[in-house]
1. Provide the gained length on full extension for the span Arg413 to Glu113, in nm with one decimal, where the gain is 0.36 nm per separating residue minus the Cα-Cα distance.
2. So how exposed is Asp210, as accessible area in Å² (1.4 Å probe, rounded to 10)?
3. So for Thr397, Thr425, what's the accessible-area order with a 1.4 Å probe, most first?
4. What figure, in Å² to the nearest 10, do you get for the accessible area of Asp261 with a 1.4 Å probe and non-protein molecules left out?
5. Take every Cα-Cα pair in region 330-411 and report what % of them are more than 22 Å apart.
6. Please give, to one decimal in nm, the separation of the simple spin-label points placed at Trp203 and Asp421, each 7 Å out from Cα toward the Cβ.
7. What nm distance separates the two modelled labels at Asn370 and Asp105, each placed 7 Å from Cα along Cα→Cβ?
8. Hey, what's region 333-374 come to in accessible area per residue, 1.4 Å probe, Å²?
Amino acid sequence: MMKRLTALFLALVLLCSLVGCDRQPVVRRPDEGRPGNTGRPEPPRAPDGSDAQEPDAPEEPEDAGDAENAEDAGGEVQAEDLLGFWEGDVYCNQALGLSFALPEDWVPASDEELLGMINIILDSDIVNDRGKMLAQFKKSSVIFGMVASEPNGDFVQIMFESLENQIGKDMITEERYVEMMAAQWDILIEPGGETRDLGETYWTQLGGEDFLVLPADVIEYKQWMYLRRVDDWMAAIVFTTYSDEDVETMTGGASAFAPLDESLYGAGSNGVSGGTGTSGSTGTSGVLTAAGDIGRTFDTMFFDYTVLSVENPAEYDGYTPEDGNQLIVVRVRVKNDFGSTLPMYDTDFPLFWGNGDSDFSWAVDAFNKNMMPLEWELANGEEAVYDMLFEAPADKTEFSLSYLEEYTDKAGRERTGEWYDAYFTLLRPSAA
């Protein structure tokens, strides 16, 4: 165990050589000005008849006074994509487009353990709630996507370091990153006669993707760091073995990785149900218009909701956007599994395209029978499908249809629970 932790910590220090793993403030999506849809009753009781535990209210972000200037560390890629998810014994990472098949007898680290590894540097609380855990990851300049190990000590880990706040970040290639790590190598391990050596780098493919590999011999183990820049993050897949095998032949090595099967995208955590999410939306012309969490079902405490399709038309039933805007038509399916009739609102589902206070839009008020009404009811066990029409800046392509759990408890207090995001990307220019 001590051997594995030593090797793990060394890899972490190597990866943190640029920024020292400093904490980055993050602002969650804006809530101010959002109508409070608190007409819903308390969540149902637990199976034992006791009151179900009320969800914690979302915590205020650190340095909230700098909300206008704060952004998620690491550019366009979302923390959820970096963290990835498990589908059975297969780990899937959307940011890298790779999957990892867990070998027999290997054990993956839990989400809490992954956060605890960052806790070595950040000294942040380890949380059991995945939503809070993702919030903690978003504050960090280092994210652990996955760590898996076998009883003899061999292990593989996937980490990401944010380059967002680095001077000359656009010039930091994989090769330059290695140079910066090599310059610090002598101070990472104190002198003492240990055998340590950084080998020559080389390019290779892992799961069909190109990586720069940095091999190293350290004390009594061997390590290979596969590096690849992803937007404003430097990804590192690190293989460590205490045997004489190399990265190609070791169990849990390079052969355990494969291209990501996009049909697994619907199987992640944070309320996402299993299933065959399509990951894409085809418009009326048959052209793929959007990709992302399309066909993916989000299971909230009140209902399930699924983005069925996304359109980006020039007009919708005679409605055209204002100058500088585009139209986004999101078709949503909502199913009530709460146990009683629910009041519903079109303001349940705002459309976001950023973290700024004005980077979101409410749906246009319904003017035909296909559009979601301003207020409506959904009986228990029933489902409804509606179009939601939004205006958004014409230059934006990254969006999320979001939902925040809100209700009123027996004492008349307004409560909030989890936040859900169905992300999607437009794949063709705006028709506006």
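The values are calculated or read from the model by the stated rules, or taken from the named source; none is laboratory data. Since the structure is predicted, the reported quantities are computational estimates derived from the model, not experimental observations. Methodologically, a virtual Cβ is constructed for each residue, glycine included, from the backbone with ideal geometry; neighbour enumeration extends over all protein chains shown. Accessible surface areas use protein heavy atoms only, side chains included; no ligands, DNA or RNA. Shrake-Rupley method; radii C 1.70, N 1.55, O 1.52, S 1.80 Å.
1. Working: separation 300, 0.36 × 300 = 108.00 nm, distance 3.45 nm.
Between Arg413 and Glu113, full extension yields an extra 104.6 nm.
2. Per-residue accessible area (Asp210): approximately 90 Å².
3. These residues rank, largest area first, as Thr397, Thr425.
4. So the heavy atoms of Asp261 present about 80 Å² to solvent.
5. 31
6. Distance between label points: 3.2 nm.
7. Using points 7 Å along Cα→Cβ, the separation is 5.9 nm.
8. Details: 1760 Å² over 42 residues.
On a per-residue basis, 42 Å².
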